[in-house]
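The values are calculated or read from the model by the stated rules, or taken from the named source; none is laboratory data. Keep in mind it's a predicted model, so treat the numbers as computed, not measured. A quick note on method: Cβ atoms are made from the backbone with ideal geometry, for glycine too, and the neighbour counts reach across all protein chains shown. Just so you know, the surface numbers come from the protein's heavy atoms only, side chains and all, with ligands and any DNA or RNA stripped out. Shrake-Rupley method; radii C 1.70, N 1.55, O 1.52, S 1.80 Å.
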Amino acid sequence: MTAADLRIEHLDDPLGIGSTEPRLSWRATTGQAAYEIEIRHGDGDIATSGRVDSTASHFQSWPSRPLASRETADIRVRLWEADGVGPTAWSEPLRVEAGLLASTDWTADWVSPSTAASHDGARPAYLLRATYDVVGEVRLARIYATAHGVFDLEMNGCRVGDDVLAPGWSSYRHRLRYRTRDVTSVLRPGRNAVGVWLADGWYRGRLGFNGGLWDNYGTDVAALVQVEVEDDLGRRTVPLTWSWAPSPITATGLYEGESHDARLDIAHWSEPDFDDAAWIPASILPPQAATGALESPTGPPVRVVDVLTPTEIVTRPDGRILIDFGQNIAGKIRLGVAGCDGTPIEIHHAEVLENGELATRPLRSAASVDVYTPRGDEPSTWTPRFTLHGFRYAEVRGLPAGGTLLSAEGLVVHSDMTRAGWFSTSDPLLDRFHQNVVWSMRDNFVDLPTDCPQRDERLGWSGDIQVFAPVATYLYDSAGVLQNWLRDLASEQAEFGSVMNFHPWIECGFPGDPAAAWGDAAVIVPWELYRSTGDVGILRDQFESMRAWVEQVHALTGQTGHWSTGFQLGDWLDPAAPPDRPGDSRTDPRLVATAYHAKSARLAAEAAHLIGQPDAAADLGRMAERAVAAFREHYVSPAGLVVSDTVTALSVAIIFDLLRDDAQRRAAGARLAELVREGDHRIQTGFVGTPLVCDALATTGHADTAYHLLLQTETPSWLFPVTMGATTVWERWDSLLPDGSVNPGEMTSFNHYALGAVADFLHRVVGGLQLVEPGWSRVRVAPQPGGGLESASTAHLSPFGLIGVQWRRADGRLVVEVDVPPGVTAEIVLPSPQAAPIEVGEGVHRFACAYRPADADPPRPRRWNIHNPEERRQMIEAGVL
Ligand code: RAM
């Protein structure tokens, strides 16, 4: 037995951390009864926790003095087993190093090549360079860097780090993240050079819809780069004098795309002996131009995490080359060309084709066109540096006669999170749907959780992540990314006096009014993070924000609990709403608002209780009671019918536990099943009802109806897009209409994760893996097979290790296999009335029970599955394709 996978906070990178007393986690490879943590400080000081009799192995407090800025420490852990065996050998040490923790640690200047720019289109990127001397041997070198804009670093001609679009997007008025890099091995005795590529990015580039806004955070682009070395003169910050020059990137914007003229490339520009006599001195920004607090990141950087090769390349008669990457991604293309003559080559992007051409209308004003001008005819490879597109197809235009496309790759770009959740079944359509959910999450976790990655939007919409959070935390270790976003939410909530409908907030014409389901992200996202990680610290950090939101809504209800006035987004994108009025749902938005108020007040009360604030818990608890009473008074009939009489209204009442008793629940469940059947098992819900309906059916005894809805392939349904060739989750149920044309709505994305929130049902009910104790120390394995599925499996990489469940049907029996890591207890509840619940611990366990599918309805005719080669062939034969 050992302590493995030592970790601090929610970080994968222990260099440049932002906390002085980071909490420690590890995984015990067998049962742990006690532990000891040892901290060996860089100056030789050693502290230990002593033996602590505890099975806890996550977020344990720092047992030593606080770290100072730049200080290193080696952490080791050893364990004792339950029967007194121990201590084990010490774990491998984890070296942590603090970043710059106080604003006074920053002595470098903010330097800028451009303090104002015109608004007539995407602006260029700039190069900045400086040199410095190192005396004697270099023992250590660090760069601490960030920017107003987006930046890449170079040192002595080498790229430093592999992050993309650093420092990412945060609410820069409040918080700006910096990165710490170890450059010890890059430095040489004598003269060294540091270089920066710098462009507008989110800071100064165009953001938002309705034409968007420029200069959102300032009119400048600037870099803050502090280089510290330890050489024969000791540890010191080297003085840097910066100059700048225009870069070969003549225009670049996140929405617009990037233009790079390789004839303007400057060889060796970040090397020490480069002649920069013609470069222009950079301006030094006055101290008041600096943005909000400089912070170390809470999560991983954005990187190129995958490289796709095309599934098809077609050259058209007019010379345009259409490339299909077979997968809708957030990213960029990497091209290899040769035989060119200095003519610009354009690369256009789109998520789908319409009549064989790129469908670019859904991009709205995000042109997404890159332009690469090679130097000449020698082979060259290029990828844009500071832009990002949401695309599956790219079209290369303008390759000159004699030019050759040597290669084309799709670079997948997003926050480099660890994968943590898997799901598959015997049904290829359902599996492809789940893969689409995973892809939509990846494509929309480019530093912050966004609605979409392609059009002139890509904003941190709170409602979308609120409904998707349980899936996001299951599929990936997304705590670091979401913690960062929640800090922005809390800062801006304090600034504006309300949770906004997206964060970071920009004023591009959308109402900033509080709206249910969107503002409730302030409570529900931290709550879901707490559940998935077991980290009460997240609740502690976010509690003021959680409470402020609930109190704000309580005041809006006039202390009645009934939220009946003001702006609401309601059950957004109900399929019954006309394409140009996505908020016109069948469900009363006041019902949705009151239900969410009850849910958030209850969760906030529980959070208050968990962090030891009993008075706040009592207050919030009273608000919750009032909201529940108001919901019942206004929307629930004594017999259990729910006003609006819609799928969403009933689902909300059942899942948010707003009904009075079992009789009401039974009646609501029966009515819900009836509505779903009357609706021909097609979707009747928007953002609010969609994540809930299957659960609401299953928990009231209508799992068969849930399966029919889940496996429906006619539109609107989850699987209709799959049959149409979708590789991500669409914003609308029919973003592509059945005839293959693009939905006329001006808001038509092919990559929104919100409606994929039903994947939570797939993991918990179809796969059968349910979290019982926050942090996964206790789970319930309770698969509910159905829908004709022969088998299903799901797995989650919990803080204790991988938990897996798989089941299959065989000869009238159901066989369930469960994989339980040390530290986790699993209750097994087989879907058979005879089977009593069983409790198991670590190990691989196998169970079986008699099982006959209860599904009485005849199997439904299905649409073609474009992903299945055989069905694809049949489609071609039938003239469908
Ligand atoms: C759209 C977004 C998002 C949704 C809002 C209300 O513009 O794409 O998905 O949350 O509207």
For E495, E842, E256, E97, the accessible-area ranking with a 1.4 Å probe, largest leading, is E842, E495, E256, E97
Once all protein chains are kept in place, D324 shows an accessible area at probe 1.4 Å, nearest 10 Å², of 20
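Largest first, what is the accessible-area ranking of D215, D200, D377, D265 with a 1.4 Å probe? Intermediate values should be presented prior to the final figure.
Numbers: D215 35, D200 0, D377 105, D265 65 Å².
Largest to smallest exposure gives the sequence D377, D265, D215, D200.
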Quotient of Cα radius of gyration and Kirkwood radius for region 91-249, i.e. Rg/Rh, equals 1.01
Plugging the Cβ-Cβ distance of A278 and D324 into 1/(1 + (r/R0)^6) at R0 = 60 Å yields, to the nearest 0.05, a FRET efficiency of 0.85
Computed about the Cα centre, the charge dipole of region 1-103 from +1 Lys/Arg and -1 Asp/Glu charges at the Cβ has a magnitude in debye, to the nearest 20, of 60
Rounded to the nearest 10 Å², the 1.4 Å probe accessible area of E625 is 130
Over all pairs of different Cα atoms in region 394-475, the reciprocal of the mean inverse distance gives a Kirkwood radius in Å of 15.4
Rounded to one decimal in Å, the inverse mean reciprocal Cα-Cα distance for region 1-88, i.e. its Kirkwood radius, is 13.3
With the dipole of the chain defined by +1 on each Lys or Arg Cβ and -1 on each Asp or Glu Cβ, the option from Q559, G121, V742 whose Cα lies farthest towards the positive pole is Q559
Counting only protein heavy atoms and leaving out ligands, DNA and RNA, the solvent-accessible surface of M875 at a 1.4 Å probe, in Å² to the nearest 10, equals 10
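So if R0 is 51 Å, what FRET efficiency would E633 and E773 give, r being the distance between their Cβ atoms, rounded to the nearest 0.05? List each step's numbers first, then the result.
On the way: r = 35 Å, r/R0 = 0.68.
For E633 and E773, the calculated efficiency is 0.90.
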To the nearest Å², the heavy-atom accessible area per residue of the chain with 1.4 Å probe amounts to 35
The simple spin-label model distance between D83 and S426, using points 7 Å out along Cα→Cβ, in nm, is 4.2
By the Kirkwood definition, with r running over pairs of different Cα atoms, region 60-168 has a hydrodynamic radius in Å of 19.0
Charge dipole of the chain built from unit charges on the beta carbon (Lys, Arg +1; Asp, Glu -1), centred at mean Cα; most positive-end Cα among F496, A479, P799 is P799
Subtracting the Cα-Cα distance of E678 and A810 from 0.36 nm times their residue separation yields 44.2 nm
Counting only protein heavy atoms with a 1.4 Å probe and every protein chain in place, the carbon and sulfur fraction of the accessible surface of the chain in whole percent equals 50
From highest to lowest solvent-accessible area (probe 1.4 Å; ligands, DNA and RNA excluded), D13, D275 read D275, D13
Between the alpha carbon centres of region 755-779 and region 1-79 the gap in Å comes to 30
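Explain nothing, just the number: dipole magnitude of the chain about its Cα centre with +1 on each Lys and Arg Cβ and -1 on each Asp and Glu Cβ, in debye rounded to the nearest 20.
On the way: 75 positive and 115 negative charges, 223 e Å.
Roughly 1080 debye, rounded to the nearest 20.
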With R₀ set to 56 angstrom, the calculated FRET efficiency between the beta-carbons of L264 and R235, to the nearest 0.05, is 0.90
Among A593, W439, G537, the residue whose Cα sits farthest towards the positive end of the charge dipole of the chain, when +1 is placed on the Cβ of each Lys and Arg and -1 on the Cβ of each Asp and Glu, is A593
With E827 itself left out, Lys, Arg at +1 and Asp, Glu at -1 over residues whose Cβ is under 14 Å from its Cβ give +1
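When N is the residue count of the chain, what does its C-alpha Rg come to as a fraction of 2.2 N^0.38 Å? Show your work: numbers first, answer last.
Values: Rg = 28.1 Å, N = 881, 2.2 N^0.38 = 28.9 Å.
Relative to the rule-of-thumb radius for its length, the chain sits at 0.97.
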Largest-first semi-axes in Å of the equivalent ellipsoid built from the Cα gyration tensor of region 598-652 are 28, 11, 6
Here, D12 and H41, labelled 7 Å along Cα→Cβ, have an inter-label distance in nm of 3.2
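When N counts the residues of region 340-497, how does its alpha-carbon radius of gyration compare numerically with 2.2 N^0.38 Å, as a ratio? Intermediate results must be reported in sequence, preceding the final value.
On the way: Rg = 19.2 Å, N = 158, 2.2 N^0.38 = 15.1 Å.
Against the empirical 2.2 N^0.38 Å value, I get 1.27 for region 340-497.
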Region 710-741 and region 454-517 have their Cα centres apart by a whole-number Å value of 26
With V302 itself left out, Lys, Arg at +1 and Asp, Glu at -1 over residues whose Cβ is under 9 Å from its Cβ give -2
So E746 and S103, fully extended at 0.36 nm per residue minus their Cα-Cα distance, gain in nm 227.0 nm
Relative contact order of the chain (C-alpha contacts under 8 Å, at least 6 apart) in percent is 9
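Note the full-extension length gain between N355 and R780 as 0.36 nm times their separation in residues minus their Cα-Cα distance, in nm to one decimal.
Values: separation 425, 0.36 × 425 = 153.00 nm, distance 4.89 nm.
Full extension of this stretch gives 148.1 nm more.
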Using alpha carbon centers only, region 226-287 is separated from region 82-125 by a whole-angstrom value of 20
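Where nothing but the Cβ of Lys and Arg (+1) and of Asp and Glu (-1) is charged, how large is the charge dipole of region 189-316 around its Cα centre, in debye to the nearest 20?
Working: 8 positive and 18 negative charges, 65 e Å.
That gives region 189-316 a dipole magnitude of about 300 debye.
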Pseudo-spin-label distance W90 to E137, built 7 Å along Cα→Cβ, given in nm, is 2.5
